Amino acid sequence: MILLAETAFAASAKIIALGVLFQSIELIQLRRTLNDTGVWQWGVLTEEFKIFPVLFRAILSLTLRYPNVLVLLGLRAGVGFAVIVTPWDSVPVLLLLYLLLSTLLICLRFRGTFNGGSDYMTVVVLTGLTIARVAPASIWVSTICLWYIAIQSVTSYFVAGVVKIRHREWRTGEALACFLQAAKYRAPKLVRRLLAERETSMIATWAMLLFECLFPLALFGAAISPIVPLAFIAIAGLFHFSNVYIFGLNRFLFAWAATYPAIYWCSQLFQ
Amino acid sequence: METSNILFLALFFLLITALACLKGPQISDRRVQLFRVLFPSWRFFDVMGETPTLYYRVASSSEDLGEWQAALEKPELRSPYWPFNIFLNSETNFVLAGYSLVEQLVSDMGEMYGEIQGETQGVTGRDSEELERSVSFQLVDNLVRFQIQKNLQPTPTEAKLVYQFKVRSEPIRKVNQTAAWNQEAVSIAGAPVDILVSKSYTHNFYFGEPERAAARRV
């Protein structure tokens, strides 16, 4: 199966747009936390923005204060929907630029990020797509953008695996058990019961560590067989799906799924 | 694919491994912090450290302040409906963002007072005022009031209540794995430490429609 760059971009754009659409709806659902009696009160946050120039502060105030931020979010959801239903070669660059800039603004509203890693990857994918759309005819730009997205995604799994495997607590399976019972991530009872035994916890941990550390094979593995990248992508999908069930990390699923077309496209160079 | 390209990529991942093993410098500049989404970090779940957890207590007067209760609890998974959470999971994401606020407060306190070793209750005088004026403290204070308001609903009334909150550092280093997994089976290395206990604050809570509450405040 040969994946064209255009198809990879189209698939990536639709997945990330779907993710952005749901992210926006979630924040609209949480609108009470953003108002003047909520948690992230604009009056409090502006203290922190005093480090910025006046003009930039005015832009932030116009777009991020309550209730204006709801307009930003509503438009973001609408633009996300528009990108889903528009063919890739007709998507105006302004729509992608809006998704990227609104994502950056929303991260500022939450003092850096709202949901950590998923925000990082959303920005990575939207940056790649926006630049690719600016110069759609350039093969060089397309190639660089797809490699940028793919390398960030592959590196994310690889680094996450490497930093864990260095710790004894991860190698013994103890760490996974700890995170499963921590109040912040408390896993469903079924999962906690399944991983109650040291052996099962260790097996699950090592399966995850090997998957993460070997993830660069999603790129190189095509030299062995074209099935290898597809297998890694399928496992990655299952991994994020289980993270939704166990930790509730739904935003990661869409942000990372949007990188898989780029990974597969890049892996074809090794076939 | 040429051998030289494969070698180049292999070297790239070797370099990534080396960088991942190094502990990068902590950049405390607020501008960098605010734009940190532009500098992705993929070091997920690498720290087996402590989780700062937020607790509060509330009563009609400061003498009646009783048991501490957790302010942020991950909502229970409703089994038949959980696939819906793939698309929308705002409650859990709010709890995670709340934890980030608390972690940021602890990090700011570390910068303000140096390494936090124990209870910061009774930070007095100018220190206390500086902490209370900080954005992190005010946001956590807002979070506590928001949770009190939410948890005491749906009584449609208003009340002047006294509340207090604390941040407790809970080490999650050791887990004694046994066949019966439950809270009792978890043995924590070291005791939890209260790293911040706030003063008691009095606040007018409005329980009911948020729009009406806002209008009343005005």
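Could you list, ordered by first residue, the pairs with Cβ atoms under 6 Å in which the first is in the range A:72-100 and charged (D, E, K, R) and the second is open to solvent by less than 60 Å² (accessible area, probe 1.4 Å) and part of a helix (DSSP H, G or I), at least 6 apart or interchain?
A:ARG76/A:SER24; A:ARG76/A:SER102
A:ALA150 is checked against (1) loosely packed, with under 15 Cβ neighbours inside 10 Å; (2) more than 22 Å from A:PHE49 (Cβ to Cβ) and fails just one. What number does that condition carry?
Exception for A:ALA150: condition (1).
Please go through the range A:221-253 and pick out each residue that is within 9 Å of another protein chain (Cβ to nearest Cβ), farther than 20 Å from A:ALA177 by Cα and open to solvent by 40 Å² or more (accessible area, probe 1.4 Å).
A:ALA223
Here is a yes/no grid of residues against (1) open to solvent by less than 10 Å² (accessible area, probe 1.4 Å); (2) under 22 Å from the mean Cα position of the chain (by Cα); (3) charged (D, E, K, R):
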position: A:ALA11; (1), (2), (3): no, yes, no
position: A:LEU18; (1), (2), (3): no, yes, no
position: A:ILE25; (1), (2), (3): no, yes, no
position: A:ASN35; (1), (2), (3): no, no, no
position: A:VAL54; (1), (2), (3): no, no, no
position: A:ARG57; (1), (2), (3): no, no, yes
position: A:THR63; (1), (2), (3): no, no, no
position: A:ASN68; (1), (2), (3): no, no, no
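Which pairs turn up if I take residues in the range B:47-73 that are within 12 Å of B:LEU161 (Cα to Cα) and look for partners that are at pLDDT 85 or above and open to solvent by 50 Å² or more (accessible area, probe 1.4 Å) with beta carbon separation below 6 Å, at least 6 apart in sequence or on another chain?
Pairs found: B:ARG57/B:TRP68; B:SER62/B:SER200; B:LEU65/B:ARG57.
Among the residues of the range A:180-203, write down those that are open to solvent by less than 50 Å² (accessible area, probe 1.4 Å) and in contact (Cβ under 8 Å) with a residue 24 or more places away in the chain.
A:LEU180, A:TYR185, A:ALA187, A:PRO188, A:VAL191, A:SER201
Checking A:TRP147 against (1) within 11 Å of chain B (Cβ to nearest Cβ); (2) closer than 16 Å to A:LEU4 by Cβ; (3) free of Cβ contacts under 8 Å to residues at least 24 places away in the same chain: exactly one of these is not met. Which one?
Here A:TRP147 clears every test but (3).
Working only within the range A:150-178, note down all residues that are within 30 Å of B:ALA70 (Cβ to Cβ) and in contact (Cβ under 8 Å) with a residue 12 or more places away in the chain.
Residues satisfying the conditions are A:ALA160, A:LYS164, A:TRP170, A:THR172, A:GLY173, A:GLU174, A:ALA175, A:LEU176, A:ALA177.
The values are calculated or read from the model by the stated rules, or taken from the named source; none is laboratory data. Note that the structure is predicted; figures quoted are calculated from it, not measured. Heads up, the Cβs are rebuilt from the backbone with ideal geometry, glycines too, and the neighbour counts pull from every protein chain shown. Protein only, heavy atoms only, side chains kept; ligands, DNA and RNA dropped before computing areas. Shrake-Rupley method; radii C 1.70, N 1.55, O 1.52, S 1.80 Å.
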